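The values are calculated or read from the model by the stated rules, or taken from the named source; none is laboratory data. As the structure is a computational prediction, the values presented were derived from the model and not from experiment. Neighbour counts run over all protein chains shown; Cβ positions are idealised from the backbone, glycine included.
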Amino acid sequence: MLVTSKEMILKAQAGHYAVGAFNIENMEMAMAAVKAAEDLNAPIILQTTPGTVDYATLELYFANVKAIADKAKVPVAIHLDHGSSFELAMQALHAGYTSIMIDGSHLPFDENVSVSRRVVEACHPNDIPVEAELGKVGGKEDKLDGGSNNPYTEPDEAKAFVAQTDVDFLAIAVGTIHGIYKGEPKIDMVRLSEIRQVVDIPLVLHGTSGVPDDQVREAIKRGICKVNYATDLRIAYTKGARANLADEQVIDPKKYGEAGMKEVYALVADKIKVVGSDHKA
Ligand code: 13P
Ligand code: ZN
Ligand code: NA
């Protein structure tokens, strides 16, 4: 069933696990991810970035996920990831998205507060939860290039930000970056715990592709309740498809789509177990 992300994430917070949030690019990735969630009896969040919705519209992704979710035996939420403006957040709300991120992390503190607050004021009357970001997760996320100057989240600012915006979930910068890492990533666990001590809403980890699973588990112990994976799914889908495309006899998109889905299914099933959401639906 299609649900909002609110209840599943609060349940995860109470149960000391996290919900996996998986970026999808097409119908196949959505089907494969939900199949993995069903087989593991896990709640799941499917999410799309502004770059992805530019490719095929919010309405088309929503229609795909809604059709899949309506038949699913587990709760499925559809989330706007890194919403880049108030207007896009409102478009997602009207399209039927059940969870919305407004990413004002590139803005000065006060402006980030003000845009996040406006989105909360529009979404909460519709019972749609809002994620915002403070500090800046670096790396390249579609067209969103974090650049190199990416401040970590300051605990005191996080506390003030949550109080002033009333957001439901907070994405924090503690050492992860979007995309692939050059060296070994290292999450600042002390900072994460310091943030947790002063912020009681669920915290969100971005840039998780490439983060060793043991660090993800430790971060969840310290207060992360939603874990985002994007690049790993792209790699998995393309790997499966490519292996088939090498054969020039293959001309049916269903053939390489199936191969891509198999890889995405395996990856999502693995990450569901890492975040501990299996058997929690
Ligand atoms: P990765 O591409 O590093 O998994 O980041 C995912 C993410 O944060 C989506 O918002
Ligand atoms: Zn992200
Ligand atoms: Na990453």
Is there a residue being among the small types (Gly, Ala, Ser), within 16 Å of ligand 1 (Cβ to nearest atom) and assigned to a loop (DSSP other than H, G, I, E, B) anywhere in segment 211-226? no
Any residue at all in segment 71-80 that is modelled with pLDDT of 95 or more, within 13 Å of ligand 1 (Cβ to nearest atom) and outside any helix (DSSP H, G or I)? yes
Run down 156, 103, 127 and say which single residue is on the phi > 0 side of the Ramachandran plot and among the acidic types (Asp, Glu). 127
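Please specify each residue of segment 179-201 satisfying the condition of being touching a residue at least 40 places away in the same chain (Cβ under 8 Å), surrounded by fewer than 24 Cβ atoms within 10 Å (Cβ to Cβ) and within 29 Å of residue 121 (Cα to Cα). Before the answer, list the steps.
First, the residues of segment 179-201 that are touching a residue at least 40 places away in the same chain (Cβ under 8 Å): 179-180, 195, 197-199.
This time we only want the ones that are surrounded by fewer than 24 Cβ atoms within 10 Å (Cβ to Cβ), so: 179-180, 197-199.
197, 198, 199, listed by residue number.
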Check segment 42-54 and report whether any residue there is away from ligand 1 (no atom under 16 Å from the Cβ) and under 23 Å from residue 232 (Cβ atoms). yes
Scan segment 1-35 for residues that are within 16 Å of ligand 1 (Cβ to nearest atom), assigned to a helix (DSSP H, G or I) and touching a Lys or Arg at 6+ places or on another chain (Cβ under 9 Å) and report the count. 3
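Find the strands (runs of 3 or more DSSP E) located wholly in segment 117-192 whose residues include 2 or more that are at pLDDT below 95, and list them. Can you show your working first?
Numbers: elements: 130-134, 138-141, 169-172.
Fully inside segment 117-192 and qualifying: 138-141.
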Of the numbered conditions (1) crowded, with 23+ Cβ neighbours inside 10 Å; (2) touching a Leu at 6+ places or on another chain (Cβ under 8 Å); (3) free of Cβ contacts under 8 Å to residues at least 60 places away in the same chain, residue 83 fails exactly one; give the number of that condition. (2)
Given the condition within 16 Å of ligand 1 (Cβ to nearest atom), buried (at least 16 other Cβ atoms within 10 Å of the Cβ) and either within 17 Å of the chain's Cα centre (by Cα) or modelled with pLDDT of 95 or more (or both), answer yes or no: does some residue in segment 241-252 qualify? no
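For residue 263, state whether it is acidic (Asp, Glu) and touching a Lys or Arg at 6+ places or on another chain (Cβ under 8 Å).
Yes, satisfied.
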Residue by residue through segment 202-218, note down the ones that are within 13 Å of ligand 3 (Cβ to nearest atom) and surrounded by 21 or more Cβ atoms within 10 Å (Cβ to Cβ). 205, 206, 207, 208, 209, 211, 216
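Residue-wise test of (1) hydrophobic (A, V, I, L, M, F, W, C); (2) crowded, with 24+ Cβ neighbours inside 10 Å.
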position	(1), (2)
47	no, yes
55	no, no
67	yes, no
70	no, no
75	no, no
